[in-house]
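Here is the structure we will look at, set down as structure tokens.
The values are calculated or read from the model by the stated rules, or taken from the named source; none is laboratory data. Note that the coordinates shown come from a computational prediction; the quantities given were computed from them, not determined experimentally. In this analysis, Cβ positions are derived from the backbone assuming ideal geometry, glycine residues included, and neighbour counts consider all displayed protein chains. Protein only, heavy atoms only, side chains kept; ligands, DNA and RNA dropped before computing areas. Shrake-Rupley method; radii C 1.70, N 1.55, O 1.52, S 1.80 Å.
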Amino acid sequence: ASEWESDSSLRCMMAWGVSGTLRVAVTVGTQPGSVSDALSYDSVTVNSVEGVNLATDMSSNVTLMGSGLGEADYSAAGRVGATSCEGSTWVSDTCVRCQSSTGVGRSQRVSVTAGLHVGSAIEVHSYEGAGLVNNGTNFATATGGEVTLMGSGLGVADYSAEGRVGATACEGSNWASDSSLVCMAASGVGETRSFAVTAGVQVGSLMEAGSYGSYDAPTVTADATNLGVNGSGGVTVAGSGLGASDYSAAGRVGGTACEASAWESDSSLRCHAASGVSRTLRLSVTAGVQTGSMLDVVSYDSPNVVEASAG
């Protein structure tokens, strides 16, 4: 309704609506007059969200509670993060229901649009984090190997999912499904390594306790060596599992560490043994935190009496 008051004033009863910076126009007889950007409706606000943690592999209902959504359906639409809802249903001026799409990630912004107005709330929505289940696997130290990481929350599409063994990223990761990722583990040494997988910005992992990957332990196949009577000498430790590069591999003769150890390959370590006495000592080698050994490999010359005299 419009009510004339004077040559310079007209009172108008506005209808409800949504939008921003609207034109105001008045008509007298056949002549119109208007002014731009003179009127607006309250902006949309989002006060709360119901359904803030969603499964990665299926769409879910999210209820957006706020104000300024209009007294009728002005094409109100919801958005989670940067992705529009698959469907939005206006309920009232304070409520819109949104069918969110699948995805991965945490601390997502939730937005709702009514007319030209947008309201949002930050860090109120997330998808379930990636998770892994028991998957004990053993790798060769020199070559690594392929491992399939089983779990959940990896997404219904490839959201740059990546695998990790211990502190080392897989050489290649291939997303297979929301519950499966194939990872090409790099070469390495060590036991009870955790598996980790990243999807979006969320990480799931498995620690030791039977849910881990490990590399072959070192083995020793050295020939018997005698170091003479006076002591130190070079010993070449042959075997396997010493690593594709120098992972601080070290040798030990009996209970004494070698004076120096030089890694040569996954199957060879050069050790400079300290002086000593005894016979048939154990020869051990450590790579990472794993140890391999062989009994009765190294010996020193037995004492030899060449002359005796009476006191």
>> Explain nothing, just compute: Karplus ³J(HN,Hα) = 6.51 cos²θ - 1.76 cosθ + 1.60, θ = phi - 60°, for every residue of the range 162-176 in order, whole Hz, x for Gly and Pro.
In response: 9, x, 8, 10, x, 9, 10, 5, 4, 5, x, 10, 10, 5, 10
> Which whole-Hz ³J(HN,Hα) couplings does the range 252-261 yield from phi under the Karplus relation 6.51 cos²θ - 1.76 cosθ + 1.60, θ = phi - 60°, glycine and proline marked x?
Replying inline: 8, 10, x, x, 10, 5, 4, 5, 7, 10
> In the neighborhood of Glu86, defined by Cβ-to-Cβ distances under 12 Å, what is the net charge if each Lys or Arg adds +1 and each Asp or Glu adds -1?
Replying inline: +2
> Between Ala260 and residues 5 or more places away or on another chain, which pairs have amide H atoms under 5 Å apart, with H built 1.01 Å from N, and which residues are they?
Replying inline: His272
> Roughly how many Å² of Arg164 are accessible to a 1.4 Å probe, to the nearest 10?
Replying inline: 100
> How much accessible surface does Leu283 have with a 1.4 Å probe, in Å² rounded to 10?
Replying inline: 0
> What ranking of Asp73, Asp93 comes out by heavy-atom accessible area, probe 1.4 Å, highest first?
Replying inline: Asp73, Asp93
> Can you work out ³J(HN,Hα) from phi for every residue in the range 67-72, in order, using Karplus 6.51 cos²θ - 1.76 cosθ + 1.60 and θ = phi - 60°, giving whole Hz and x for Gly and Pro?
Replying inline: 7, x, 8, x, 7, 8
>> With every protein chain left in place and a probe of 1.4 Å, what is the accessible surface of Met65, to the nearest 10 Å²?
In response: 60
